[in-house]
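A.B. asks: The structure follows.
The values are calculated or read from the model by the stated rules, or taken from the named source; none is laboratory data. All figures in this text were calculated on a predicted structure; none of them were measured in a lab. With ideal geometry, Cβ positions are generated from the backbone for all residues, glycine too; neighbour counts draw on all protein chains shown. Heads up: the accessible areas ignore ligands, DNA and RNA and are worked out on the full protein's heavy atoms, side chains in. Shrake-Rupley method; radii C 1.70, N 1.55, O 1.52, S 1.80 Å.
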Amino acid sequence: MRVILSDDKISMAQAAAQTGARKINEAIAAQGSATIAVTTGLSQVDMLSFLVKEKVDWSKVTAFQLDDFIGLPSEHPSSTRSFLKRNFLSKVPALGAFHAIEGTAADIPAELARLNELMEGKRLDVGFICIGENGHLAFNDPPADLRTHDAYIRVQLSERGRKQQVNEGWFPTIGEVPHDGITMSVWEMIQSKSLIATVPGVRKARGVAMSLFDEVSPAAPCATLRWHSDCDIFLDRQSATLVYGDLRTN
């Protein structure tokens with residue numbers, strides 16, 4: 001694991017995007033294609049805005065959706081699929097393939113089976129991820145299932161994880177945040193050849209500290225990132241406050 005500290009969230013986002021693009025290009029050069037997972041959220045907007053401008057042959061890239069809510073239509077502005085359409089998919093029309101999560105599928109177990117079949121025999125070349133306020137990875141809220149080897153699982157969102165959705169402005173009230181989701185498992189993310197975690201803002205400071213200092217356990221899924229030999233965590237001065245002292249700007 002490497003920790004890269006930037007002065008502000010814009011330079012942090014640009015550094016993360018450049019590193020991620022380089023990793024994608026290395027995979028394409030080595031094997032002719034690349035498989036990635038793309039995360040969502042307010043913290044990822046700047047990084048994605050830089051990533052889509054990088055020199056990447058997107059026609060050779062297959063992207064997987066990292067997570068989404070169960071029961072929320074993909075057209076809903078707060079669905080993660082809608083976020084990806086606005087901030088990623090519409091900007092890379094030449095993308096080789098995109099595997100979406102169907103959160104409104106009539107048969108969720110069948111949808112999980114479909115997603116797991118799509119991932120069968122594959123390994124992510126680059127996983128673009130973030131660390132949640134409570135230490136979650138994707139929708140793997142504490143206490144997270146660290147034992148499953150399924151690529152995608154159904155999860156219940158914790159109250160704190162649902163509050164983060166409200167804090168970021170995706171939903172007006174916690175009562176409107178879905179209780180359940182489909183997410184890529186922690187195990188599957190950790191199998192990625194490279195991980196790029198873009199983590200800005202003071203609200204993420206506790207999650208950052210958990211990832212660096214907490215014992216690896218279901219209570220701190222983000223701490224599993226320390227198991228990964230090619231994981232880059234990009235911080236700005238605010239998200240690093242509990243690691244390097246109070247570096248917040250006025």
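A.B. asks: From the protein chains alone at 1.4 Å, what is the descending order of accessible area for HIS149, HIS228, HIS99, largest first?
C.D. replies: Ranked from most to least accessible, the order is HIS149, HIS99, HIS228.
A.B. asks: How much accessible area per residue does the chain have, counting only protein heavy atoms and a probe of 1.4 Å, in square angstrom? Let's see the in-between values first.
C.D. replies: On the way: 10650 Å² over 250 residues.
Solvent-accessible surface per residue comes out at 43 Å².
A.B. asks: Still on this model: In terms of the Cα gyration tensor, with a ≥ b ≥ c the square roots of its eigenvalues, is the range 55-145 rounded because a/c is under 1.5, prolate because a/b exceeds b/c, or oblate?
C.D. replies: Details: a/c = 1.31, a/b = 1.28, b/c = 1.03.
Judged from the Cα gyration tensor, the range 55-145 comes out rounded (a/c under 1.5).
A.B. asks: Right, here's the next one. Under 20 Å from the 7 Å Cα→Cβ point of SER33, by amide nitrogen: which residues of the range 72-93?
C.D. replies: The answer is 89, 92-93, whose backbone nitrogens lie closer than 20 Å to the label point.
A.B. asks: Could you tell me which residue out of GLY135, GLY175, THR241 lies farthest along the dipole of the chain toward its positive end? Charges go on the beta carbon: Lys and Arg +1, Asp and Glu -1, centred on the Cα centre.
C.D. replies: Toward the positive end, the furthest listed residue is THR241.
A.B. asks: Can you give me the % of accessible surface on the range 1-133 that is carbon or sulfur? Probe 1.4 Å, all protein chains present, nothing else counted.
C.D. replies: That share works out to 52 percent.
A.B. asks: What are the aspartates and glutamates whose alpha-carbon lies under 16 Å from the alpha-carbon of LYS122, with same-chain residues fewer than 8 places away excluded?
C.D. replies: ASP150, GLU188
A.B. asks: With a cap of 14 neighbouring Cβ atoms within 10 Å, and only residues DSSP puts in a loop, list the chymotrypsin sites (Phe, Trp or Tyr not before Pro) found in the range 148-244. Intermediate values should be presented prior to the final figure.
C.D. replies: On the way: sites: TYR152, TRP170, TRP187, PHE213, TRP227, PHE234, TYR244; in loops: TRP170.
Within the range 148-244, no chymotrypsin sites (Phe, Trp or Tyr not before Pro) qualify (loop, at most 14 other Cβ atoms within 10 Å).
A.B. asks: Dividing the alpha-carbon Rg of the range 1-133 by 2.2 N^0.38 Å yields what?
C.D. replies: My calculation over the Cα atoms of the range 1-133 gives 1.07.
A.B. asks: I would also like to ask the following. Cα convex hull of the range 66-112: mean projected area in nm², to one decimal?
C.D. replies: Details: hull surface 13.9 nm².
Its average projected convex-hull area is 3.5 nm².
A.B. asks: Less than 15 Å apart at the alpha-carbon level, and either on another chain or at least 8 residues along: which aspartates and glutamates does that give for LYS60?
C.D. replies: The qualifying aspartates and glutamates are GLU26, ASP125.
A.B. asks: If you average 1/r across every pair of different Cα atoms in the range 82-199 and take the reciprocal, what Kirkwood value do you get, in Å?
C.D. replies: Working: mean 1/r = 0.0645 Å⁻¹.
About 15.5 Å, per the Kirkwood formula over Cα pairs.
A.B. asks: Using DSSP to call loops (not H, G, I, E or B), can you name the GluC sites (Glu not before Pro) in the range 157-225 whose Cβ has at most 15 other Cβ atoms within 10 angstrom?
C.D. replies: Within the range 157-225, the qualifying GluC sites (Glu not before Pro) (loop, at most 15 other Cβ atoms within 10 Å) are GLU168, GLU215.
A.B. asks: Sticking with this one: Can you give the calculated 222 nm mean residue ellipticity of the chain, where each DSSP H run of n ≥ 4 adds -39,500 (n - 2.57) and the sum is split over every residue, rounded to the nearest 500 deg cm²/dmol?
C.D. replies: Result for the chain: -9000 deg cm²/dmol, rounded to the nearest 500.
A.B. asks: Pick out, in residue order, every one of the trypsin sites (Lys or Arg not before Pro) in the range 57-125 that is DSSP loop and has at most 16 other C-beta atoms within 10 Å; say none if there are none.
C.D. replies: Sparse-neighbourhood loop trypsin sites (Lys or Arg not before Pro): LYS122, ARG123.
A.B. asks: If you take mean projected area of the Cα convex hull in nm² from the coordinates, which of (i) 16.4; (ii) 18.5; (iii) 12.4 do you get?
C.D. replies: Of the listed options (i) 16.4; (ii) 18.5; (iii) 12.4, (iii) comes from this structure.
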